Amino acid sequence: RVVLDIPKSSKDDGITFDKIIGSSPEISHVKKQALRMAKTTGTVLITGESGVGKELFVKAIHRSSPVKNGPLISINCAAIPEDLIESELFGYEAGAFTGARQGGKPGKFELAHEGTLFLDEIGDLSIHLQAKLLRVLQEQTFERVGGTKEQKVNARIIAATNQPLEQLIEEGTFRGDLYYRLNILPLSIPPLRERKIDIPILVSHLIEKACDKHGLGRVEMDQQAVIAFMRYHWPGNIRELTNLLERLVILSEKQRITWEDLPPYIRACYE
């Protein structure tokens with residue numbers, strides 16, 4: 001089974017490409033591309049709207065790569081305050097700043113040595129840190145914050161974003177040279193509205209997953225409700241689908257989800 005609402009973690013959870021749900025031409029093409037990319041250690045840039053399952057592909061790529069026996073280390077560039085992210089990426093030496101841990105601390109690059117480093121939400125990284133990141137990617141060396149010793153790193157880099165990086169380059173908020181260094185192997189994940197043929201199998205899988213998670217009996221969805229799902233545009237993509245189905249399963253008073261159980265904005269798609 002595949003976990004579609006993946007938490008931010010450093011585990012690959014055993015995710016492989018054959019566990020990515022869907023057989024539409026759109027998702028099948030992306031899976032074939034990703035599998036070819038996975039056989040190398042080239043840098044991958046994954047783009048796609050929020051909720052399409054970018055981290056799922058990261059885990060599958062790592063699992064099929066030459067560094068699959070190494071660690072998969074993740075960092076969300078948008079979730080860490082600006083004054084902390086440098087030390088999170090590169091680590092720090094003892095006494096580097098007030099409150100620094102005695103003995104220092106390794107950063108994500110050190111932890112990802114001989115494995116994969118996943119830079120999520122790369123478009124949110126500041127210009128200052130973009131320059132430092134570019135240097136590390138080019139020279140494969142870095143220094144801890146407060147340190148003077150260069151350290152060698154060998155990690156496969158996968159970056160992801162839901163932002164239009166080309167537009168950010170024009171606006172001056174993202175470095176063009178970093179973009180070209182990251183965009184060696186581009187992978188674009190289609191939104192759910194462009195692969196609606198996959199919705200019935202996703203619905204079946206996610207309902208079963210929700211029932212197992214909450215210890216509930218088997219629940220099904222009738223055809224009218226599934227058709228309404230296929231007509232809806234899903235701005236939140238698979239994440240929105242996952243969360244809605246979990247709610248419907250929990251609140252269902254019977255073993256069948258019907259059109260009447262759906263939120264009004266989805267029922268309206270069938271009327």
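The values are calculated or read from the model by the stated rules, or taken from the named source; none is laboratory data. Remember, it's a predicted structure, so these values are computed and weren't measured experimentally. Glycine gets a Cβ as well: all are built from the backbone with ideal geometry, and neighbour counts include every protein chain shown. Accessible surface areas use protein heavy atoms only, side chains included; no ligands, DNA or RNA. Shrake-Rupley method; radii C 1.70, N 1.55, O 1.52, S 1.80 Å.
Table: residues versus (1) closer than 20 Å to residue 55 by Cα; (2) in contact (Cβ under 8 Å) with a residue 40 or more places away in the chain; (3) surrounded by fewer than 13 Cβ atoms within 10 Å (Cβ to Cβ).
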{"site": "170", "(1), (2), (3)": "no, no, yes"}
{"site": "180", "(1), (2), (3)": "no, no, yes"}
{"site": "189", "(1), (2), (3)": "yes, yes, no"}
{"site": "206", "(1), (2), (3)": "yes, yes, no"}
{"site": "214", "(1), (2), (3)": "no, no, yes"}
{"site": "219", "(1), (2), (3)": "no, no, no"}
{"site": "257", "(1), (2), (3)": "no, yes, no"}
- Query: Has region 108-121 got any residue that is open to solvent by 10 Å² or more (accessible area, probe 1.4 Å), at pLDDT 95 or above, β-branched (Val, Ile, Thr) and outside any helix (DSSP H, G or I)?
  - Reply: no
- Task: Test residue 198 against the criterion of being surrounded by 18 or more Cβ atoms within 10 Å (Cβ to Cβ) and among the acidic types (Asp, Glu), and give yes or no.
- Result: yes
- Query: In region 38-89, which residue that is among the acidic types (Asp, Glu) and open to solvent by 30 Å² or more (accessible area, probe 1.4 Å) is farthest from residue 187 (Cα to Cα)?
  - Reply: 83
- Note on the structure: Restricting region 4-30 to residues that are outside any helix (DSSP H, G or I) and polar (S, T, N, Q), the one modelled with the lowest pLDDT turns out to be 9
- Message: Please count how many residues of region 31-53 are β-branched (Val, Ile, Thr), within 17 Å of residue 202 (Cα to Cα) and outside any loop (DSSP other than H, G, I, E, B).
- Response: 0
- Query: Take the residues of region 232-255 that are charged (D, E, K, R) and modelled with pLDDT under 95: which is least open to solvent (accessible area, probe 1.4 Å)?
  - Reply: 254
